Amino acid sequence: MKVKLGLDPTAPDVHLGHTVVLNKLKQFQDFGHIIQLIIGDFTGKIGDPTGKTVTRTALTDQEVKDNAQTYFDQFGKVMDMEKVELHYNSQWLSSVGFSEILKLASTVTVARMLERNDFHNRYEANKPIYLHEFFYPVMQGYDSYALASDIELGGTDQEFNVLFGRQIQEQYGREKQVVLLMPLIEGVDGVEKMSKSKNNYIGVDESPQDIFGKTMSIPDALLMKYFRLVSPLRMDEVEKIGRDLEEGTLHPRDAKMKLAFSFVEMLHGKKAAIQSQEQFRSVFQKNQMPEDIPEVIWPQQEEVAIADLVKELGLLPSKGEVRRMVKNGGVRINQEKVEDPHFQIQVTDGLVLQVGKRKFVRLKVGCH
């Protein structure tokens, strides 16, 4: 069978939320089915309006190309990309004539389009909806016709779009594809859908230490959902973990350690998983500093406000956030907690700055 996944190249940073679909795609790949990965370089110039309250800015050809390469590199952490059919939908959509566009447009009504929450909400709020935006799901559906896809995967938020594939295949006399929708997963905050814009994500390209640490911050209530949807562990292992948690023979903290280990092993290998686990235990359970603290050059030995230092080093985005972090006891200098948000620090060679639970830097004064 031909199994399709379409990608909007506007947001190429892949996080664990995306791997819910990728893991299912890999299962199809392991069973010998043909995987069709479609880069929406043509549709990307419109931008998927799903969940948007305003019209999206169109991408340039170079932006689409760069973002697509990022996808390939990151997907390779989960799938065998050498066994994937890669397609750009400009290959067929760029040559579709106006008469064909009118034929496609006749398959859907404006009333149907306005059933979408995003379009409906913009219409009710008197915000503009441009005609070309209506064509996004139609063109995505045409992709399924062009490639004769048998199955299309997507998140539950893509239901409206992927169902168009069935409709257009039927319009052109093809057998309708099966649609397989995967659930969305909440981010590490346990509230919102995992998203980079919400800063509640675990990126597949993040360091092993960050992946491990972020996983350990997942709310207990989401543990089994992460195990079932994201973890590469076998389902019998996952079900045993669930039973042990229910019976109280496994502490949620220890279950998170298993989960974090599985994520790091999947994305960076077993050696990195072992090292990350050991570092987490030494830093967070024994209050020791990690061994491989990144070094940052500071131009000179001087006195500087803690808020300025942390912001300048890029550890937090604003001075206001630095001050809030200090008040919450989350900033340390050489393992000593900073109590005053207006504290003036004397920058010296070798000084270790800790922000939050996972961010450490060692300052090197001058050029080394």
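The values are calculated or read from the model by the stated rules, or taken from the named source; none is laboratory data. As the structure is a prediction and not an experimental result, all values here were calculated from the model. Note that we place each Cβ from the backbone using ideal geometry, even for glycine, and neighbour counts take in every protein chain shown.
Here are some notes:
- Selected residue (criterion: farthest from G154 (Cα to Cα)) from residues of the stretch 37-62 that are of a type outside the set (V, I, T) and at pLDDT 80 or above: Q62
- Number of residues in the stretch 61-109 that are touching a helix residue (DSSP H, G or I) at 6+ places or on another chain (Cβ under 9 Å) and exposed (fewer than 11 other Cβ atoms within 10 Å of the Cβ) equals 1.
- Selection of the stretch 179-199 for residues being surrounded by fewer than 14 Cβ atoms within 10 Å (Cβ to Cβ) and of a type in the set (A, V, I, L, M) yields only V191.
- Positions within the stretch 310-360 being buried (at least 16 other Cβ atoms within 10 Å of the Cβ) and of a type in the set (S, T, N, Q), in sequence order: Q354
- Of the criteria (1) β-branched (V, I, T); (2) assigned to a helix (DSSP H, G or I); (3) in contact with a strand residue (DSSP E or B) (Cβ under 8 Å, 6 or more places away or on another chain), which one V179 fails: (2)
- Residue ID - surrounded by the most Cβ atoms within 10 Å (Cβ to Cβ), chosen from residues in the stretch 6-36 that are more than 23 Å from M235 (Cβ to Cβ) and at pLDDT 95 or above: Q36
- Check on S90, touching a strand residue (DSSP E or B) at 6+ places or on another chain (Cβ under 8 Å), of a type outside the set (A, V, I, L, M, F, W, C) and over 24 Å from H15 (Cβ atoms): no
- For the condition aliphatic (A, V, I, L, M), modelled with pLDDT under 90 and over 19 Å from D205 (Cα atoms), V283 qualifies.
- Residue satisfying all of: in the stretch 159-174; in contact (Cβ under 8 Å) with a residue 24 or more places away in the chain and either outside the structural domain of L147 (by TED's automatic domain parsing) or not in a helix (DSSP H, G or I) (or both); surrounded by the fewest Cβ atoms within 10 Å (Cβ to Cβ) among these: Y172
- Just so you know, in the stretch 293-306 the residues that are at pLDDT below 90 and not in a strand (DSSP E or B) include one that is nearest to Q275 (Cα to Cα), and it is I293.
- Which listed residue, of P341, P317, P290, is assigned to a loop (DSSP other than H, G, I, E, B) and touching a residue at least 60 places away in the same chain (Cβ under 8 Å): P290
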